[in-house]
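Where a number appears in this text, it was derived from the coordinates with a stated rule and is not lab data. What you see is a predicted model, and the numbers here were worked out from it, not measured in a lab. With ideal geometry, Cβ positions are generated from the backbone for all residues, glycine too; neighbour counts draw on all protein chains shown.
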Amino acid sequence: MKVLIKIGVGIIIAIIMYLCFLYFISYSDGVRAGELIKFSHKGVVFKTWEGEISQGVSEAQTFIFSVEDKEKQVIEDLNNYQGKMVKLHYFERYKKLFWLGDTKYFITKVEVQN
């Protein structure tokens, strides 16, 4: 019985460590620029902020991103900059976390381009 409890606790700790790794460690970061063509608050159970910028003439050149709820200034800026050229600072997580967004890319800062 004690062995089963130790195995169970070990599995729970491993899952918590894995989720912390996915949340706190980023895979990459960078900047993307383009025309902000879509930004919306969507979802049924977990409402997330999702957006898209066009990076070229073709619809194949789009960058789809998410914004965490705690990024109030970013959300406000993106709502105000619809249809404008923007520069997005982002970081990429290793995997998607369904309660945070539909993508692995999360915006941390928005700048309007001239």
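Which value, in debye to the nearest 20, gives the size of the charge dipole of segment 26-112 about its Cα centre, when Lys and Arg are +1 and Asp and Glu are -1 at the Cβ?
Working: 13 positive and 13 negative charges, 40 e Å.
Computed charge dipole of segment 26-112: roughly 200 debye.
Normalising by the residue count of the chain, find the relative contact order in percent from Cα pairs under 8 Å and 6+ residues apart. Intermediate results must be reported in sequence, preceding the final value.
On the way: 212 pairs, mean separation 31.6, N = 114.
Relative contact order comes out at 28 percent.
When only DSSP loop residues count, what chymotrypsin sites (Phe, Trp or Tyr not before Pro) in segment 10-114 have their Cβ near at most 16 other Cβ atoms within 10 Å? Could you put the intermediate results ahead of the total?
Numbers: sites: 18, 21, 23, 24, 27, 39, 46, 49, 63, 65, 81, 90, 91, 94, 98, 99, 105, 106; in loops: 46, 81, 94, 98, 99.
Passing both the DSSP loop test and the Cβ count: 46, 94, 98, 99.
Mind checking segment 19-114 for GluC sites (Glu not before Pro) that DSSP puts in a loop (not H, G, I, E or B) and that have at most 13 other Cβ atoms within 10 Å?
Values: sites: 35, 50, 52, 59, 68, 71, 76, 92, 111; in loops: 59, 68, 71.
Those that pass, being in a loop and sparsely packed, are 59.
Amide H neighbours of residue 38 under 5 Å, counting only residues 5+ apart in sequence or on other chains, H built in-plane at 1.01 Å?
Long-range HN contacts for residue 38: 52.
If the viscosity is 0.890 mPa s and the temperature 25 °C, what translational diffusion coefficient in µm²/s does Stokes-Einstein give for the chain when Rh comes from Kirkwood over Cα pairs? All intermediate terms of the calculation are to be shown ahead of the outcome.
Numbers: Rh = 15.6 Å.
Estimated diffusion coefficient is 157 µm²/s.
Can you give the extra length, in nm with one decimal, that the chain gains between residue 1 and residue 20 once fully stretched, where that is 0.36 nm per residue apart less the Cα-Cα distance? List each step's numbers first, then the result.
On the way: separation 19, 0.36 × 19 = 6.84 nm, distance 2.88 nm.
Working it through step by step, the gained length comes to 4.0 nm.
Quick check on the chain: helices-only [θ] at 222 nm, where DSSP H runs of length 4 and up contribute -39,500 (n - 2.57) each and the sum goes over total residues. Nearest 500, please. Walk me through the numbers before you get to the answer.
Numbers: 2 runs with 32 residues, N = 114.
Computed ellipticity for the chain at 222 nm equals -9500 deg cm²/dmol.
Take the alpha carbon atoms of segment 91-114, find their center, do the same for segment 32-60, and report the distance between the two centers in whole angstrom.
10 Å
Output the pairs from 72/104; 42/72; 6/104; 2/95 with a Cα-Cα distance over 25 Å in this structure; if there are none, say none.
Values: 72/104 19 Å; 42/72 16 Å; 6/104 34 Å; 2/95 34 Å.
Flagged as over cut-off: 6/104; 2/95.
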